[in-house]
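No value in this document is a laboratory result; all are computed from the given coordinates. Predicted model, so just to flag it, every value in this text is computed and none were measured. Every residue, glycine among them, receives a Cβ derived from its backbone with ideal geometry; neighbour counts consider all protein chains shown.
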Amino acid sequence: MKKNAKVWLIVSMILVSGILIFYKPVRDISFIKWSQHRVKTYPEGALDNLVVYSINPNTILTDLNHQELNVFRPSESDLAEYTPPIWPSGSFSWNEEDYLKIANALHLYYWKEPLTNWHLIHASFQIDQCKDIFDKVDSASLLFYQTQDAGYVVHGVWIDPLRGEVTVGDNLFLNTGEWKEINLSEAKVKSVDDALMIAERNGGQSARLRVKNECDVSVLFAPYVISHLFADSEWGWSILYQTNASRILFETTINPYTGK
């Protein structure tokens, strides 16, 4: 079901008062201290042409493994309204590879082409509880781009198994000639769990135990940072632990090539 609303691009999927933050406008993005991989002019704006589909998170991965692509059904969800989760956090043992598999199938279903010639430029993952954080990603936001004659075409995919929903959207941005894709195959820290293990050792574990695991974790991999969360940080993985009241407990960034 198409919507006329817009979704603002932001750097993580943090739950604020039960609403996914990528549905809220964020304008305080800073571009600081980039390495050779920086994206100097990242799209700061909104995605259009939003379409929501329903999925069955209990069967979708098995269906895709059997080459079954008829797994997306039109949804009547209203993006302007809060939709409560159907399943509790931690219900699905999904990692970034599972989300990328679903994203590729959804891209093929909606845009009639796989992601083979599209480049990942944003990947954020949300874990809505702190008791069991490994291999327990609850939702993901993924942005892909392709350079075309008109400029940078961006396709966005949001996957939310706890609500049994996926959302797609797109937009066109000025071609600056400076965008570079995320290439995890060249990184030392390749996965969400790899980044979480480093964050846990560096203070994340003690931070969540101080609040008896009453918190959630956001994991971002993208060539930019948010100044009020990750001031003076380098490009790479960004990890944020916060309480259910959005109080920051611990934050860190990790160089994907050195692991530091």
Residues in the range 89-130 reached by a label modelled at residue 244 [backbone nitrogen below 14 Å; 7 Å Cα→Cβ]:
89-90, 128-130
Can you give the FRET efficiency to the nearest 0.05 for residue 62 and residue 131, using r as the Cβ-Cβ distance and R₀ = 35 Å?
0.85
The range 87-104 versus the range 154-181: alpha-carbon centroid distance in Å:
17 Å
Note, ³J(HN,Hα) from phi for the range 57-63, Karplus 6.51, -1.76, 1.60, rounded to Hz, x at Gly and Pro:
x, 6, 10, 4, 5, 4, 4
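Considering all projection directions equally, how large on average is the shadow of the alpha-carbon convex hull of the range 91-154, in square nanometres?
Approximately 4.9 nm², given one-decimal rounding.
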If I take R0 = 35 Å and measure r between the Cβ atoms of residue 172 and residue 116 in this structure, what FRET efficiency does the formula 1/(1 + (r/R0)^6) give, to the nearest 0.05?
0.95
Give me log10 I(q)/I(0) at q = 0.18, 0.29, 0.35 Å⁻¹ for the range 61-101, Debye formula, one equal scatterer per alpha-carbon, no solvent.
-0.82, -1.05, -1.08
Taking 0.36 nm per residue of separation between residue 82 and residue 97 and subtracting their Cα-Cα distance, the length gained on full extension comes to 2.7 nm
Taking amide H positions as placed in the peptide plane 1.01 Å from N, state which residues far from residue 165 in sequence (5 or more) or on other chains have amide H under 5 Å from it.
55, 160
Quick shape check on the range 56-214: root eigenvalues a ≥ b ≥ c of the Cα gyration tensor, a/c under 1.5 is rounded, otherwise prolate if a/b tops b/c, else oblate, and it reads oblate
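Pull out the extension gain between residue 109 and residue 188, defined as 0.36 nm times the separation in residues minus the alpha carbon to alpha carbon distance; nm, one decimal. Walk me through the numbers before you get to the answer.
Working: separation 79, 0.36 × 79 = 28.44 nm, distance 3.23 nm.
Length gained between residue 109 and residue 188: 25.2 nm.
Beyond 26 Å between alpha-carbons counts as too far, so tell me which of 101/188; 136/180; 101/260; 136/260; 101/212; 188/212 fall in that bin.
On the way: 101/188 22 Å; 136/180 29 Å; 101/260 28 Å; 136/260 23 Å; 101/212 34 Å; 188/212 31 Å.
In this structure, 136/180; 101/260; 101/212; 188/212 lie more than 26 Å apart at Cα.
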The simple spin-label model distance between residue 148 and residue 202, using points 7 Å out along Cα→Cβ, in nm, is 3.8 nm
